[in-house]
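Nothing in this text is a laboratory measurement; each read-out follows from the coordinates by a stated rule. For clarity, every value in this text was computed on a predicted model and none was experimentally measured. Here the Cβ is made from the backbone with ideal geometry for all residues, glycine too, and neighbour counts use every protein chain on show.
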Amino acid sequence: MRKYLLKRIFYMILTLFLVATLTFFLMKLMPGTPFTNQQKMTAEQIQIVNEQYGLNKPIWQQYLLYLAGMVHGDFGTSFQFSNQPVSYLIASRIGASAQLGVQAMIFGVFFGIIIGSVAAINRNTWIDTTATVLSIIGKSVPNFVLAVLLQYYIALKLGWLPVADWNGFVYTILPTIALGVGPLAETSRFVRTGMVDVLNSDYIELARAKGLSKFGIVYHHALRNSLIPLVTLIGPYTVALMTGSMVIENIFSIPGIGEQFVKSITTNDYPTIMGVTMLFSTGLVLVILLTDIIYGIIDPRIRLTGGSGE
Amino acid sequence: MKLGKYAKLGAVVALSSLVLTACGSKDNDKTAGNVVNWDESGELPGMDLSKATDQISFTMLGNTMEGLYRIGKDSKVEPGLAKKTEVSKDGKVYTFTLRKGTKWSNGDKVTAQDFVYSWRRTVDPKTASQYAYFFNGIKNADKIIEGKLPVDQLGIKADGEDKLVVTLERPIPYFKLLMGFPVFFPQSKAAVDKFGDKYGTASKYMVYNGPFKLEGWTGTNLSWKLQKNDKYWDKKAVKLDAVNYKVNKSSTTAYNQYKSGELDASPLSNEQAKQLKNQKDFVEREGAAVAYLQFNQDSKDATMKAAMSNKKIRQAISMSINRKSLSKVIGSGARVPKGMVPDKLANLNGKDFVEMDPVVNGIKHDDKEAKKLWSEGLKEIGQKELTFSILGDDTDGSKKITETLQSQIESTLPGAHVTVQNVPFKTRLQRCDTGNFDTVISIWGADYADPISCLEIMESTNGQNAGHWANSEFDKYINLSRTVDANNPTKRWDDLVKAQKVLLDDQGVAPIYQQASAWVVNPKVKDLVYNAAGLNYNWKNAYIEK
């Protein structure tokens, strides 16, 4: 196990290094300068400012300087926000995105499991069909459409919840639902498929034959086993949600990181692009490692001995 | 159906939690007093006036800081910190006497030295100010920015605490107007030193000397407040207690908040603007920018170079554009242009620049004339047809524009084949710089309320003149306005009117629309000053009618 972990961590660092390198060079291929006022500056002015920011150095030097800074946890200063360190920018905006992502995931997985289980137990009845149709709708209606509808009807027309902003739990409800419907639909499909398989297996037959209650069978035997495939899904999904949804953040005026990331790319804000990319990829590789470890714990068929069983 | 119960239970739990939490949500923090809730389209990027680069920063700086002058209604210069101003006969030396007893929000006195410090800080190459070029024309500024002279050589001197002497290299007729722009405001050295790297990155890392103080801004958040500044010298004139700013990136959200009474203003999308046009809270604001087509007269392709250098071909293209229907396509974001200088940007003694000698040529639509000029032009360059591209941005709005131009030009001019290229903003700028285009839609926003801000970019030596249109007569008039006629406002305007006429008669560029924006604004908000150029809103005298 320890050897396996060490190996995995080594690969993780390698992956992150490759991501940093690729992103850096791809980013430098984008045309233009990071200066917001580029259009109004003459070529000479741009050259002068470039020198001051060290952007006139050869790219490989910039790259090495960048790597060195990153190792020390220094991502540089944002071009969009004058004087603002990227680490502060990320720190001040990741919280809202993370909270929203986790809430959406909890909401989605919780109701997804319920709907999926109910559908599986009542498979091939109208309940199952309804659940399937709802999941397909949930999966195919873009979340921003849902967000706009929720905002208009629930917040503006009915006045039950705030239209937008981020000042406490009530403000998170509508965006959570809008963002959570996707994972909800996905989870319910996964759980249904998994549970239909499990419900047909021999040991469930045995449990039934023993006279266990229907609830007991589903809760104690079927549900757990049908959730295993879900573990693969949840990890990366959570990272994706936590790192921000630009559209949902914009609609509900949430101070998250999603929009900032997109904006940093269109404005050539190099330090922010690198900072946020590295944050996302670190989150992702960590979650993948965690998922694999959890897998080993909950499913004894998978062994984490490193190498041999592939 | 025993298990269905759990599903039901779940639904009940979810619903009740929704309802329960909803009860606590009505907490409209409308504090008593004169307070306005305003919409902003994006974050406030920074409050360091030496480094600010955007409209939002400039607007907040303009309301929380004060320079020698303030810009009032119709870009009129109003008194700020300068109590008395003497200008030398040649217009090159300004002596300002500062108002006595003005204070920073920390209680320190605002002195002439604060101006000297601030200006030197901005032109200091170490500061890397993107707006340092505004100092062009002030003695030695350009050389200092390039690092060839030390900052203390800048043409600004403090004579005691209350006297400021500014020396220019050439007369700048709109110098007082510039003094109302935040890059020329004073800064407190004590504050810059005290806050160091954090200076201007959050509301607490700043000192203010304007009508308002900034509060509640953390540097990256989506709401902040302009709070009345009790230390402001003219605080009696300030009627508002606070302006609450909220960032909404979606205009639908802003409008919903406006409808629910949380905001006193909201920008409108095209669709919304169409629907709400006749409402009494509907407001249309002219922008300070004109979009225009540039023709690449220096193309690497010989045929293209010949075509775009041909006046008749340029005129034919321009005349085939139906600007009225184009601006309808764009919607509330555009109106028909009145020339290269935006409508309502600048006026002399109350008369708008565009009304001085209204432009006819260069922006008219005439399909018949266009066809005639087109065939003559093609004959002159020995071609039967011409394929050229229009380069534009890749936003939805910009795509609509390029497509409309494409269809208008192709359907009018026989043998014209137009391809459209929609690229990201930064790519468009780069391709303009390198001359990699046939025609390009450029947009230029005036920095200050003077026509020169829009016209000088077409001088043959100007870096913005991507099409390399060169006309000695045009250059001559621009130059006259800067030199011989600089101290004579009437003559100077006459030069600029003539320059624009030359530009458009020769179709050096083809203006296609003037930017605008549609808003709904609570009619109770009174005396708010909006100016298209420079800083948009001046809240000093505004109030909300009870």
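Considering the options A:Thr36, A:Ala120, A:Leu22, tell which one lies farthest towards the positive end of the dipole of the stretch A:1-130, charges being +1 on Lys and Arg and -1 on Asp and Glu at the Cβ, about the Cα centre. Of the options given, the answer is A:Ala120. Measuring against 26 Å, Cα to Cα, the residue pairs B:Lys379/B:Lys498; B:Lys103/B:Lys204; B:Lys235/B:Lys546; B:Lys139/B:Lys213; B:Lys280/B:Lys344 contain B:Lys379/B:Lys498; B:Lys139/B:Lys213 as the ones spanning a longer distance.
Charge dipole of chain B (Cα centre as origin; +1 on each Lys and Arg Cβ, -1 on each Asp and Glu Cβ, all else neutral): 1340 debye, rounded to the nearest 20.
As a proxy for reagent exposure, ranking A:Tyr66, B:Tyr69 by other Cβ atoms within 10 Å from fewest up yields A:Tyr66, B:Tyr69.
Projecting the Cα atoms of A:Pro229, A:Ile106, A:Leu212 onto the charge dipole of the stretch A:94-269, computed from C-beta unit charges around the Cα centre, puts A:Leu212 farthest toward the positive end. When you restrict to C-alpha pairs under 8 Å that are six or more residues apart and normalise by the size of the stretch A:94-269, the relative contact order lands at 37 percent. Which links in A:Lys57/B:Lys126; B:Lys228/B:Lys277; B:Lys92/B:Lys126 stretch past 24 Å when you go from one Cα to the other? Violating the 24 Å limit, Cα to Cα: B:Lys228/B:Lys277; B:Lys92/B:Lys126. Considering only B:Asn63, B:Ile381, B:Gly147, the residue lying farthest towards the positive end of the dipole of chain B is B:Asn63, judged by Cα position with unit charges set on Cβ.
For chain A, what log10 I(q)/I(0) values come out of the Debye formula at q = 0.07, 0.09, 0.12 1/Å, with one point per alpha carbon and no solvent? One equal scatterer on each Cα of chain A leads to -0.39, -0.62, -0.97. Size of the stretch B:112-153: Rg and Dmax of its alpha carbons, in Å, are 9.1, 26.
What the pair-distance distribution of chain B shows, using all Cα-Cα distances binned every 10 Å from zero, is 3, 16, 24, 24, 18, 9, 4, 2, 0, 0 percent.
For the stretch B:422-516, the relative contact order is 19 percent, taking Cα pairs closer than 8 Å that sit 6 or more residues apart in sequence and dividing their mean separation by the residue count.
Across every direction, the projection of the convex hull enclosing the Cα atoms of the stretch B:287-517 has a mean area of 11.7 nm².
For A:Ser213 and A:Thr129, the FRET efficiency from 1/(1 + (r/R0)^6), where r spans their Cβ atoms and R0 equals 25 Å, is about 0.45. Peptide A:207-215 is shielded by partner chain Cβ atoms: per residue, an average of 1 of them sit within 10 Å of its Cβ. Each other residue within a Cβ distance under 14 Å of A:Leu286 adds +1 if Lys or Arg and -1 if Asp or Glu, for a net charge of 0. Taking other C-beta atoms within 10 angstrom as a stand-in for reagent exposure, B:Lys400, B:Lys213, B:Lys491 fall in the order B:Lys491, B:Lys400, B:Lys213, fewest first.
When you restrict to C-alpha pairs under 8 Å that are six or more residues apart and normalise by the size of chain A, the relative contact order lands at 28 percent. Other protein chain C-beta atoms within 10 Å of residue C-beta, averaged over A:152-163: 5. Using only side-chain charges placed at the Cβ, +1 for Lys and Arg and -1 for Asp and Glu, the dipole size of the protein assembly as shown relative to its Cα centre rounds to 1620 debye. Placing +1 on each Lys and Arg Cβ and -1 on each Asp and Glu Cβ, with no other charges, gives chain A a dipole about its Cα centre of roughly 680 debye. In summary, the protein assembly as shown shows an alpha-carbon radius of gyration equal to 1.09 times the 2.2 N^0.38 Å reference for compact globular proteins. Sorted largest first, the spans of the alpha carbon positions of the stretch A:94-269 along the three principal axes are 63, 37, 27 Å.
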